[in-house]
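Working notes for the structure below.
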């Protein structure tokens, strides 16, 4: 009986060892296959990132990523324009081909296509940002109803990007698309304006930067305020002027600052001279993106050019 018992233990141990060895062999094969996949994808991409305008801030950040990631050693960035990048992205997706593009959110590309950001372990592209609402000091006392509305307005990122896609389809007529959105989202507008009394023609000035997301959110805000009896003026400005206008009291509010990184220096310069009401959009970011059918998830999944 003892002999039989040890014989069984020996057989079990042999079988376990064989399975362990087979498992190790399988893992090695999987690793080799993964390496072949990433190497193949990198080769298919011709070690090239499809970028946007040569002078864009993100173009410089892409170059920094190429310089700092070993996986991007020897890669190049092809620059042209945002429009050309989007055309290339659409063509690649139509043909289910690999492509890596410069991307940013909010943008309609994420509503139009099934794409994903590549993870950025080195944080070359920074962390997620939010778009905040700032108002001039004293607005709460001077126009409490406008203050309440501005403090309430908030957009979920996918909702905003769907609106931007709709705007694209009518040649970025933001006044029209904002009106359509307000008409179709009466319940949301009612939440923002709950308890607000009519303003009877009080004037309010909103400054905005010439970016699509901000053009949409500010036009929606204009309509909501006008529904409550405000006389609203929209003033497009550069980011540096935006903060100065609010700090000096020349303008009343803006929904355009990207924080904490993009406009952080301007924010710090004028901090204390305005009131921050918090995010009106969260999840803003820049980075490198690929179609979701590509089997890579991180910049480090790529292979350097030989």
- [ ] Can you tell me the order of 168-174, 125-131 when each peptide is scored by its average per-residue count of other Cβ atoms within 10 angstrom, highest first?
- [x] 125-131, 168-174
Open item on the list: Which order do the peptides 278-290, 180-192 come out in when sorted by mean C-beta neighbours inside 10 angstrom, highest first?
Closed with: 278-290, 180-192
- [ ] Would you mind computing, in nm to one decimal, how far apart the modelled labels at residue 176 and residue 295 are, each placed 7 Å from Cα along Cα→Cβ?
- [x] 4.5
Open item on the list: Can you compute the FRET efficiency between residue 183 and residue 241 using 1/(1 + (r/R0)^6), with r the Cβ-Cβ distance and R0 = 41 Å? Round to the nearest 0.05.
Closed with: 0.80
- [ ] May I ask you to give the average projected area over all directions of the convex hull of the Cα atoms of the range 129-285, in nm² rounded to one decimal?
- [x] 8.4
Task: Enclosed volume per residue, in Å³, of the convex hull spanned by Cα atoms of the chain - done: 215
Task: Full-extension gain in nm, residue 140 to residue 78, via 0.36 nm per residue minus C-alpha separation - done: 17.5 nm
Task: Tilt relative to the chain, helix 57-68 - C-alpha long axis, 0 to 90 degrees, to 10 - done: 20
Task: Residues listed by number, the range 217-245, amide nitrogen under 20 Å from residue 200 label point at 7 Å toward C-beta - done: 225-232
Open item on the list: Over the chain, what is the relative contact order in percent, taking alpha-carbon pairs closer than 8 angstrom and at least six residues apart?
Closed with: 30
Open item on the list: Using Cβ counts within 10 Å as a stand-in for footprinting exposure, how do 243, 230 rank, fewest first?
Closed with: 230, 243
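Each reported figure results from applying straightforward, stated rules to the coordinates on display, with no laboratory input. Because the structure is a prediction, the values reported are computed rather than measured. All Cβ positions, even for glycine, are placed from backbone atoms using ideal geometry, and neighbour counts span all protein chains on display.
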